[in-house]
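Before any comments, here is the structure.
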Amino acid sequence: MSKIDLFNKKWIDVVFEDKNKSYGAYQLRQQNSWNTTKSLLLAGSVFVFLFFVPKIYSMIKGMAPQEAEETVTEVIMQPPPPINPEVKTPPPVEPPPPKQDQVKFPPPIVKPDNEVRDEKPPTVEDLKKADPGQKTMEGDPTADVVAIGPVGEGPKQAVVVEDNTVYSFVSMENPPAYPGGIEKFYKFLGDNIKYPPMAAENNIQGNVFVSFTVEKDGALTDIKIDRKLGYGTDEEAVRVLKLSKRWNPGMQNGKPVRVKYNIPIKFSLQQ
């Protein structure tokens with residue numbers, strides 16, 4: 001009895017002789033070997049696939065472009081050179097004597113009584129013979145008279161040179177600003193950004209780093225992507241920035257100038 005194969009087709013025919021073979025048990029016993037083999041093959045294929053999934057994922061991840069790592073360079077400042085004691089500062093040059101005699105007549109200064117010196121001011125007769133000044137000195141009648149022109153009078157045909165330098169907003173006296181402040185600007189971005197379908201399907205979230213130039217009239221030009229996120233987010237960031245209203249331009253020395261501005265634009269899926 002130990003050598004009897006209950007699943008052999010001949011034995012199955014003996015068992016189901018003179019019985020209704022269209023009954024399900026007869027069909028199941030006939031197909032048992034094939035069903036068992038098929039189940040083993042299917043289970044083995046699933047096991048092999050799950051075993052190689054991590055390796056396949058690592059290969060696909062290695063093929064994707066990787067972001068360049070930011071490197072921090074340490075700069076060591078050199079100490080200033082030592083002071084040479086042999087180098088001496090030249091003495092101040094005395095101005096040439098005036099053409100007219102000068103008598104000491106400095107402007108009056110209010111001081112406490114203990115600091116007031118017993119100095120007599122020049123008389124009216126002294127001022128008729130000499131000009132008032134900071135100290136009394138003898139004039140030189142042969143000295144040349146230097147005529148000082150009015151301040152601010154330059155060449156009438158001078159060409160005005162326009163400043164087209166692009167400044168960094170970090171070192172500005174008055175950096176450019178969006179009307180209403182940076183919070184209004186980010187609200188404008190949130191109201192106008194349309195999440196790219198490809199980025200939404202792949203659950204892409206993060207920041208797109210953008211730079212642009214705020215012109216003297218407040219317009220945004222030279223819009224560039226400094227760090228990409230991909231899946232259509234970079235193009236969407238540029239599109240929305242082109243819709244922005246004019247900014248308040250940056251001011252340097254009281255004049256509007258061109259300023260480069262950098263901002264991150266965040267793409268986040270609402271949970």
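Each reported figure results from applying straightforward, stated rules to the coordinates on display, with no laboratory input. Computed from a prediction, not measured in an experiment: that's the story for all the values here. Here the Cβ positions follow ideal geometry from the backbone for every residue, glycine too, while neighbour counts run over all protein chains shown.
On a full-extension model of 0.36 nm per residue, what is the gain between K245 and D191, subtracting their alpha-carbon distance, rounded to one decimal in nm? Please report the intermediate quantities before stating the final value.
On the way: separation 54, 0.36 × 54 = 19.44 nm, distance 1.38 nm.
Gain on extension, K245 to D191, equals 18.1 nm.
Taking 8 Å as the Cα distance limit and 6 or more residues as the minimum spacing, I'd like the relative contact order of region 166-267 as a percentage. Walk me through the numbers on the way to the answer.
Details: 192 pairs, mean separation 42.3, N = 102.
Here the relative contact order equals 41 percent.
Place a +1 charge on the Cβ of each Lys and Arg in region 166-267 and a -1 charge on the Cβ of each Asp and Glu, then give the dipole magnitude about the Cα centre in debye, rounded to the nearest 20. Walk me through the numbers on the way to the answer.
Details: 15 positive and 11 negative charges, 42 e Å.
Charge dipole of region 166-267: 200 debye, to the nearest 20.
Provide the net charge surrounding N253, with neighbours chosen by a C-beta distance below 12 Å and charges set as Lys +1, Arg +1, Asp -1, Glu -1. Please list the in-between numbers first.
Numbers: positive: K255; negative: D163, E173.
Charge balance in the 12 Å sphere: -1.
Could you rank the peptides 164-176, 251-263 by their average count of other C-beta atoms within 10 Å per residue, with the highest value first?
Numbers: 164-176: 13.5, 251-263: 16.1.
Highest to lowest by the protection proxy: 251-263, 164-176.
Once the convex hull of the C-alpha atoms of region 164-224 is built, how many Å³ does it hold per residue, rounded to a whole number?
Values: hull volume 7.5 nm³, N = 61.
Once divided by residue count, the hull of region 164-224 is 122 Å³.
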